[in-house]
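Trainee: Starting off with a structure, shown below.
The values are calculated or read from the model by the stated rules, or taken from the named source; none is laboratory data. Since this is a predicted model, take the numbers as computed values, not measurements. Heads up, the Cβs are rebuilt from the backbone with ideal geometry, glycines too, and the neighbour counts pull from every protein chain shown. Heads up: the accessible areas ignore ligands, DNA and RNA and are worked out on the full protein's heavy atoms, side chains in. Shrake-Rupley method; radii C 1.70, N 1.55, O 1.52, S 1.80 Å.
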Amino acid sequence: EIVVDLKGVTECVLSNTKGEQVTMTYDASKQTFAMDRTKSGNVGFSEAFPAVTEAPTYGTIKQLRLFIDRCSIEAFDAEGKMAMTNLVFPSEPYNNIKVKGGKTTIYEIKN
């Protein structure tokens, strides 16, 4: 689980050593959250798969909660205004995160 305290425009990039990445962008002025999986790993099995999905946030949001699994990324606004899930197929786990415009806390969830 990754918690990101948001400010204005915030960009989170999950990546791995193969150069595969998922970019998530929150834009307070447009009131949108977007997830770009066009470079997320194996995207060649369908022309429709490499996509940028965007959702309205219905106002400003202050905190984003991200849950990263082997083949999925889930993003939730802490106040329940927005939720988004995307499948991803990286060839190795995402092991790096870069955040611009926000503060990040990373939690390990154990079974």
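One line per residue, one yes/no per condition, for (1) modelled with pLDDT of 95 or more; (2) in a strand (DSSP E or B):
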residue: VAL9; (1), (2): no, yes
residue: MET24; (1), (2): yes, yes
residue: MET35; (1), (2): yes, yes
residue: TYR58; (1), (2): no, no
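Trainee: Looking at PHE89 and the list (1) hydrophobic (A, V, I, L, M, F, W, C); (2) modelled with pLDDT of 95 or more; (3) in a strand (DSSP E or B), which single condition is not satisfied?
Mentor: PHE89 satisfies every listed condition except (3).
Trainee: Modelled with pLDDT of 95 or more and either open to solvent by less than 20 Å² (accessible area, probe 1.4 Å) or among the acidic types (Asp, Glu) (or both), is that true of VAL13? Give the steps one after another, and end with the answer.
Mentor: Numbers: modelled with pLDDT of 95 or more: yes; either open to solvent by less than 20 Å² (accessible area, probe 1.4 Å) or among the acidic types (Asp, Glu) (or both): no.
In short, no.
Trainee: Which residues, taken from region 62-95, are farther than 13 Å from TYR26 by Cα, in contact (Cβ under 8 Å) with a residue 60 or more places away in the chain, polar (S, T, N, Q) and in contact with a Leu (Cβ under 7 Å, 6 or more places away or on another chain)?
Mentor: none
Trainee: May I ask you to say which residue of GLU54, GLU47 is open to solvent by 50 Å² or more (accessible area, probe 1.4 Å) and touching a strand residue (DSSP E or B) at 6+ places or on another chain (Cβ under 6 Å)?
Mentor: Numbers: GLU47 fails: touching a strand residue (DSSP E or B) at 6+ places or on another chain (Cβ under 6 Å).
None of the other options fit; the residue is GLU54.
Trainee: Quick one: would you say GLY102 is modelled with pLDDT under 95 and on the phi > 0 side of the Ramachandran plot? Break it down stepwise before answering.
Mentor: Working: modelled with pLDDT under 95: yes; on the phi > 0 side of the Ramachandran plot: no.
It is false that GLY102 is modelled with pLDDT under 95 and on the phi > 0 side of the Ramachandran plot.
Trainee: Collect the residues in region 12-48 that are free of Cβ contacts under 8 Å to residues at least 40 places away in the same chain, under 16 Å from the mean Cα position of the chain (by Cα) and closer than 18 Å to SER72 by Cβ, keeping them in residue-number order.
Mentor: THR23, ALA34, ASP36, THR38, LYS39
Trainee: Taking region 76-97 as the search range and keeping residues that are over 18 Å from GLU20 (Cβ atoms) and either open to solvent by less than 60 Å² (accessible area, probe 1.4 Å) or aromatic (Phe, Trp, Tyr) (or both), which one is farthest from the chain's Cα centre (by Cα)? Don't jump to the end; show me each part of the working.
Mentor: Residues of region 76-97 over 18 Å from GLU20 (Cβ atoms): 76-85.
With either open to solvent by less than 60 Å² (accessible area, probe 1.4 Å) or aromatic (Phe, Trp, Tyr) (or both) added as a condition, the list becomes 76-78, 82, 84.
Numbers: PHE76: 10, ASP77: 12, ALA78: 14, MET82: 13, MET84: 9 Å.
The extreme case among them is ALA78.
Trainee: Just name the residue that is nearest to the chain's Cα centre (by Cα) out of those in region 60-69 that are in a loop (DSSP other than H, G, I, E, B) and surrounded by fewer than 17 Cβ atoms within 10 Å (Cβ to Cβ).
Mentor: Of region 60-69, the ones in a loop (DSSP other than H, G, I, E, B) are 60-62, 69.
Applying the additional criterion that residues be surrounded by fewer than 17 Cβ atoms within 10 Å (Cβ to Cβ) yields 60, 62, 69.
Numbers: THR60: 17, LYS62: 15, ASP69: 12 Å.
Going through the qualifying residues, I end up with ASP69.
Trainee: Sort out which residues of region 18-44 are open to solvent by 50 Å² or more (accessible area, probe 1.4 Å), in contact with an Asp or Glu (Cβ under 8 Å, 6 or more places away or on another chain) and closer than 20 Å to LEU66 by Cβ, and write them in order of number.
Mentor: LYS39
Trainee: Being more than 19 Å from GLY101 (Cβ to Cβ) and open to solvent by less than 20 Å² (accessible area, probe 1.4 Å): is that true of SER72 here? Please lay out each step first, then the result.
Mentor: Working: more than 19 Å from GLY101 (Cβ to Cβ): yes; open to solvent by less than 20 Å² (accessible area, probe 1.4 Å): no.
So SER72 fails the test.
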